[in-house]
Amino acid sequence: STGDLFTTACARSGLEIYTFRTYPAEIKGGHAMIQVRVADSSVLLSRGDGSDVLVAFNKEAYDRHYKDLKDGGVLVFDNTDFLPEEDRRTIKYPVPFNKIAMEEVGVRLTKNIVALGALSSLFGIPQEKFRELIREKFARKGEVVLEKNFQGLEAGARYATQNLQKIDSIRVTPTGRPPRLVLSGNEALCLGAIAAGLKVYAGYPITPASSILEFLAKELPKVGGVVIQTEDEIAALGVVLGASFAGKKAMTATSGPGFSLMVEMLGLAVMTELPAVIVNAQRAGPSTGMPTKAEQADLLMAIYAGHGEAPRIVMGLSSVEDCFYGIIRAFNMAEAFQTPVIVLSDQGLAQREATIRKPEVANLEIVERRKPSAEELVDYRRFKATPDFISPLSVPGMPNGFYSATGIEHTEGSDLNYEPDNHNRMLAKRSRKLKGVLKLPGIVRTYGVENPEIAVIGWGSEEGVVREAVDQATAQGLKVGALHPKILWPFPTQIINQYLGRGVKRVVVPELNFSGQFASLLKQHLRHRGIEVISMAKGGGIPWAPGEVLAQIKEAAAGSCLS
């Protein structure tokens, strides 16, 4: 809560913010951390390298994170809990959070507000911003609770002013610009889904996707939508397909374990050619794994999961802003190609907060499904062969639009059929219609020099880290470029190979999985001999930092790679 209040106060001061958080999976107990990156005007792309200020409420926080504090950085710590080791590497400000909360406020739980008061005094965030937020957060609990928190804020600021001599140069100065819009990745995704026309959401609670269900339960009914919490993830996707059959745009969201349960229903979505959007906010696995840690290890499952051949679209979200526009793209593709679209997010992105530009909703392109004309309804064939392999889709109640949406193989007219020739025709239809996906604009984004010698290809939420590392590399004179695919499947083979054919010698692929899943796909589809693919793969639940990617770029430029 300290980090949330600090983040919002910075945003309301006209500053750019970017957060990263990690916390235990247990309901009560365990270490929690939030990192807030703040800038006056720069667009923040990642959590950066190291920390300038560490606020440690206890010794565990100090033990875990002091190594990440930059030389010359600032440690603000609770000296009623512990004393740090003596060194001259950092500047240290002791503030007895617990003691002030107990003796001056009389409520131990206000120690986080005491910390905010001290930070306000030390680094320049106006106290009034915190007072506004405290009033919003605690007013419903009554004047007594509100006043205690105000006392804690003032006590912390007073202690820092009277007892600490500021010797660092760090200031968080308000810009005077209008307050920035602050959203988490999941919140931006929900708003984008509503803008795209979402009318039915079905889901089952699972970290880190639960906040999508919670947000939409409050907001979707306001625009005439329905939210259903189902008994499990199998039922959730079943509801989505039923709603889609009835003509409504529908979505579900889950994480790895829930997505595993959806796989059979995913095959039904492919066979019936029904639009559906499935968000997988990935977390560390396998099995229950680490529910509150980020990972990008569900890529191959998203692409291949299922029996038989069930082609689908897989895309990755890269930033909080991209969560808004990316989910609209997912709905547009689901409706246009009449297929399930799997949207890969992850814990870090889902729960990250960042400032974004207010979306221009009036300018959004919203795609609707192809419906049969009056002539097509005379002899309606739901799965009719068309030049682009996409068939008109009727809805219940449409005169002469009846058809059977079954998981068994069928003819163009939806009659059950087990003949080999018919099965091959339908397999080809379901596969070939997705070729149009790779003709859409914005399949990839590129950065850095136009004809690089070293290329960096990341996917999903690693885009900002890669961009920042490439910017640093090019500033140092290295011929480095980056390509970031938005569509992960169908694999953008031609586009990637055209980019790599401009003289690239080595490709660095940073991703958050142990086996290097995207790197393996790239090697399968690479048509240029002599290009070395360097996989930067790791588990652990913590995203790459720009400095780590930069170090690998330098190694690649020198003709070797890090082990």
**Request:** May I ask you to compute the full-extension gain from residue 28 to residue 89, defined as 0.36 nm times their residue separation minus their alpha-carbon distance, rounded to one decimal in nm?
**Result:** 18.5 nm
**Asked** Counting only the backbone N, which residues of the range 466-486 are under 16 Å from the spot 7 Å out from the Cα of residue 450 toward its beta-carbon?
**Response** 479-482
**Message:** I want to make sure I understand the PRE zone here: with the label point 7 angstrom from the Cα of residue 232 toward its beta carbon, which residues in the range 264-284 have backbone N atoms less than 11 Å away?
**Reply:** none
**Request:** Please give the FRET efficiency for residue 424 paired with residue 404, using the beta carbon to beta carbon distance and R0 = 22 Å, rounded to the nearest 0.05.
**Result:** 0.60
**Message:** So for each of 427-434, 28-35 I average, over its residues, the number of other beta carbons within 10 Å; can you give me the resulting order with the highest mean first?
**Reply:** 427-434, 28-35
**Item:** Portion, in percent, of the accessible area of the range 437-563 that falls on carbon or sulfur, probe 1.4 Å
**Value:** 49
**Request:** Please give the length that would be gained between residue 214 and residue 440 if that part of the chain were fully extended, namely 0.36 nm times their separation in residues minus their C-alpha to C-alpha distance (nm, one decimal).
**Result:** 78.1 nm
**FRET efficiency for residue 377 and residue 165, using Cβ-Cβ distance with R0 set to 60 Å, rounded to 0.05** = 0.15
**Request:** Using the Kyte-Doolittle scale, find the helices of the chain whose mean hydropathy is at least 0.5 and whose Cα atoms extend 20 Å or more along the helix's long axis, counting only whole DSSP H runs.
**Result:** 256-272, 320-337
**Prompt:** Loop-only check: which GluC sites (Glu not before Pro) in the range 428-479 are DSSP coil with at most 13 other Cβ within 10 angstrom?
**Reply:** 450
**Highest average packing first - 393-403, 247-257, Cβ atoms within 10 Å** = 247-257, 393-403
**Prompt:** Rounded to the nearest 500, what is the chain's calculated 222 nm mean residue ellipticity when only DSSP H runs of at least 4 contribute -39500 (n - 2.57) each, over all residues?
**Reply:** -11000 deg cm²/dmol
**Request:** Please work out the C-alpha center-to-center distance from the range 228-293 to the range 37-76 and express it in whole Å.
**Result:** 37
**Fill in**
Per the C-alpha gyration tensor (a ≥ b ≥ c, the square roots of its eigenvalues), the range 177-285 is rounded if a/c is under 1.5, else prolate if a/b beats b/c, else oblate; here it's oblate
**Extension gain from residue 307 to residue 417, taking 0.36 nm per residue of separation minus the Cα-Cα distance** = 37.7 nm
**Asked** With every protein chain left in place, what is the accessible area per residue of the range 55-187 in square angstrom, probe 1.4 Å?
**Response** 54
**Item:** For Cα extents along the principal axes in Å, calculated from these coordinates, the label among (1) 85, 62, 42; (2) 68, 61, 45; (3) 74, 60, 49
**Value:** (1)
**Fill in**
Ranking 159, 62 from most to least accessible area with a 1.4 Å probe gives 159, 62
**With every protein chain in place, the range 1-118: carbon and sulfur % of accessible area (1.4 Å)** = 49
**Prompt:** Between rounded, prolate and oblate, where does the range 1-127 land on the alpha carbon gyration tensor, with a ≥ b ≥ c its root eigenvalues, rounded for a/c under 1.5, else prolate if a/b exceeds b/c?
**Reply:** rounded
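The values are calculated or read from the model by the stated rules, or taken from the named source; none is laboratory data. Since the model is a prediction, treat every value here as computed from it, not as a measurement. Because the Cβ atoms are built from the backbone with ideal geometry, glycine has one as well, and the counts that use them run over all protein chains shown. Ligands, DNA and RNA are stripped out before the accessible areas are found, and what is left, the full protein with its side chains, is counted by its heavy atoms. Shrake-Rupley method; radii C 1.70, N 1.55, O 1.52, S 1.80 Å.
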